[in-house]
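Novice: Quick one: structure below, then a few questions.
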Amino acid sequence: MVKAVRMQQTGGPEVMEYVDVELGQPGAGEVLVRHKACGLNFIDVYFRTGLYPQPLPAGLGMEGAGIVEAVGPDVTYVRVGDRVAYAGRPCGAYAEARIMPADNLVRLPDSITFETAAAMMLQGLTVQYLFHRTFPLQGGETILFHAAAGGVGLIASQWARAIGVTMIGTVGSDEKAELAKAHGCTHVINYNKENFVQRVREITDGKGVPVVYDSIGKDTFINSLDCLAPLGMMVSFGNASGPVPAFNLSELASRGSLFITRPSLMSYTAKRDDLEQMAAQLFSMVESGKIKIDIHQRYTLSEVAQAHRDLEARKTTGSTILIP
Ligand SMILES: NC(=O)c1ccc[n+]([C@@H]2O[C@H](COP(=O)([O-])OP(=O)(O)OC[C@H]3O[C@@H](n4cnc5c(N)ncnc54)[C@H](OP(=O)(O)O)[C@@H]3O)[C@@H](O)[C@H]2O)c1
């Protein structure tokens, strides 16, 4: 038996129950991982509320780091005793230990601690694909990135600086603005006080930006389109304020033949080679010191409901981990 978080129904943070669950043995292609730390991500809120549906009852959590304790038949990527980490489906990372597919796991270099891994796998791999695959940045661009002081945001701020990209970041408070700036975000806009479309136009001498990375969704979507230069790319990768409402495609035409994509990490890591290359680049960014993973909040696993409340109330900055 291990302690794990389960939910019988979708809803508020109270639907997450901290319970004993039977683990069993790993089947073909599976491993048993004992977690040292688990990651907290905004996607966990979407699964908890039912915005992203999954069959119930269900586990939650998509990111963890720990040690392989048992392997099933036909497992080739990892062995018993390996230090590993992962980000992705199936949900169930909020647990002392779990059984999961081996092909989601990457082996951790000795230089990366379990806590750092649990704090960065999902958010760091996301920045990797957003900056290098969804809209490959060459260096020299000026980009707009929302929620620049969040978990994904602080990694993006540092990554942009490291590759010579000028990042305009938006944040919800002056304290968060300071934090994003200190992490390499060149221009920071407090969107609760300032009109970010106007500020982006000022900063770019009226030209607009070639790409907007928008994870806020409902509240920022249309204004984000207004920040783009003609032929620009709208990367809508999250919905912290709610899903983007239906819109007319001619909104893209009238703003200058814009492109739009709605990416998800799981599509970018679906091929094993891609996952390994992405993880290798993330690890090297951290090992070189170009990116420091800021764990600003730590909770025990049993305090997960409070962790969700704080994340949804916009009280957190940087990354958050849960300790089993
Ligand atoms: N598609 C993908 O592959 C992918 C992968 C990872 C993450 N994401 C998305 O990226 C975003 C950031 O994820 P994260 O885990 O790093 O979270 P986070 O940025 O640490 O937290 C979300 C932030 O969004 C901002 N926000 C704006 N409106 C909000 C609202 N109505 N309610 C709550 N927050 C609001 C808040 O910052 P301010 O106070 O500064 O506004 C808040 O701190 C999420 O939307 C997530 O779903 C997408």
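The values are calculated or read from the model by the stated rules, or taken from the named source; none is laboratory data. All of these numbers come straight from a predicted model, not from anything done at the bench. Reconstructed Cβ throughout: ideal geometry from the backbone, glycine too, with neighbour counts over all protein chains shown. For the accessible areas, the whole protein counts, side chains as well, though only heavy atoms, and no ligand, DNA or RNA atoms are used. Shrake-Rupley method; radii C 1.70, N 1.55, O 1.52, S 1.80 Å.
Novice: Of the conditions (1) within 9 Å of the ligand (Cβ to nearest atom); (2) over 30 Å from Y18 (Cβ atoms), S319 satisfies every one except a single condition; which number is it?
Specialist: With respect to (1) within 9 Å of the ligand (Cβ to nearest atom); (2) over 30 Å from Y18 (Cβ atoms), S319 is out only on (2).
Novice: Quick one: which residue in I168, I155 is within 14 Å of the ligand (Cβ to nearest atom) and either within 13 Å of the chain's Cα centre (by Cα) or of a type in the set (D, E) (or both)?
Specialist: Details: I168 fails: either within 13 Å of the chain's Cα centre (by Cα) or of a type in the set (D, E) (or both).
From the options I168, I155, the qualifying one is I155.
So that you can scan it fast, the table gives a plain yes or no per residue for (1) away from the ligand (no atom under 16 Å from the Cβ); (2) in contact with a Pro (Cβ under 9 Å, 6 or more places away or on another chain); (3) open to solvent by less than 10 Å² (accessible area, probe 1.4 Å); (4) of a type outside the set (S, T, Y):
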{"residue": "V68", "(1), (2), (3), (4)": "yes, no, yes, yes"}
{"residue": "V71", "(1), (2), (3), (4)": "yes, yes, no, yes"}
{"residue": "V84", "(1), (2), (3), (4)": "yes, no, yes, yes"}
{"residue": "A97", "(1), (2), (3), (4)": "yes, yes, yes, yes"}
{"residue": "S111", "(1), (2), (3), (4)": "yes, no, no, no"}
{"residue": "E115", "(1), (2), (3), (4)": "yes, no, no, yes"}
{"residue": "M120", "(1), (2), (3), (4)": "no, no, yes, yes"}
{"residue": "Y129", "(1), (2), (3), (4)": "no, yes, yes, no"}
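Novice: Tell me which helices (runs of 4 or more DSSP H) are completely within region 255-324 and hold 1 or more residues being of a type in the set (S, T, Y), or say none if there are none. Working first, answer last.
Specialist: Details: elements: 265-268, 272-287, 304-312.
Result: 265-268, 272-287.
Novice: Continuing with the same structure: Out of L231, L225, which single residue is without any contact (Cβ under 8 Å) to a residue 60 or more places away in the chain and within 24 Å of G172 (Cβ to Cβ)?
Specialist: Numbers: L231 fails: within 24 Å of G172 (Cβ to Cβ).
When all the criteria are applied, what remains is L225.
Here's the yes/no breakdown for (1) open to solvent by 10 Å² or more (accessible area, probe 1.4 Å); (2) in a helix (DSSP H, G or I); (3) within 16 Å of the ligand (Cβ to nearest atom):
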| position | (1), (2), (3) |
| --- | --- |
| V31 | no, no, no |
| R34 | yes, no, no |
| V45 | no, yes, yes |
| P55 | yes, no, no |
| G61 | no, no, yes |
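Novice: Next question, about the same structure. So which residues in region 246-259 are open to solvent by less than 40 Å² (accessible area, probe 1.4 Å) and out of contact with any helix residue (DSSP H, G or I) (no Cβ under 9 Å at 6 or more places or on another chain)? Give the steps one after another, and end with the answer.
Specialist: Keep residues of region 246-259 that are open to solvent by less than 40 Å² (accessible area, probe 1.4 Å), which gives 252, 256, 258.
Once the filter is applied, which keeps residues that are open to solvent by less than 40 Å² (accessible area, probe 1.4 Å) and out of contact with any helix residue (DSSP H, G or I) (no Cβ under 9 Å at 6 or more places or on another chain), region 246-259 yields only G256.
Novice: Report the residue count in region 199-245 for those that are open to solvent by less than 40 Å² (accessible area, probe 1.4 Å), within 13 Å of the ligand (Cβ to nearest atom), in a loop (DSSP other than H, G, I, E, B) and not aliphatic (A, V, I, L, M).
Specialist: Here the count works out to 8.
Novice: Report whether or not F283 is in contact with a Pro (Cβ under 9 Å, 6 or more places away or on another chain), modelled with pLDDT of 95 or more, open to solvent by 20 Å² or more (accessible area, probe 1.4 Å) and not hydroxyl-bearing (S, T, Y).
Specialist: On the way: in contact with a Pro (Cβ under 9 Å, 6 or more places away or on another chain): yes; modelled with pLDDT of 95 or more: yes; open to solvent by 20 Å² or more (accessible area, probe 1.4 Å): no; not hydroxyl-bearing (S, T, Y): yes.
Against the criterion (in contact with a Pro (Cβ under 9 Å, 6 or more places away or on another chain), modelled with pLDDT of 95 or more, open to solvent by 20 Å² or more (accessible area, probe 1.4 Å) and not hydroxyl-bearing (S, T, Y)), F283 does not qualify.
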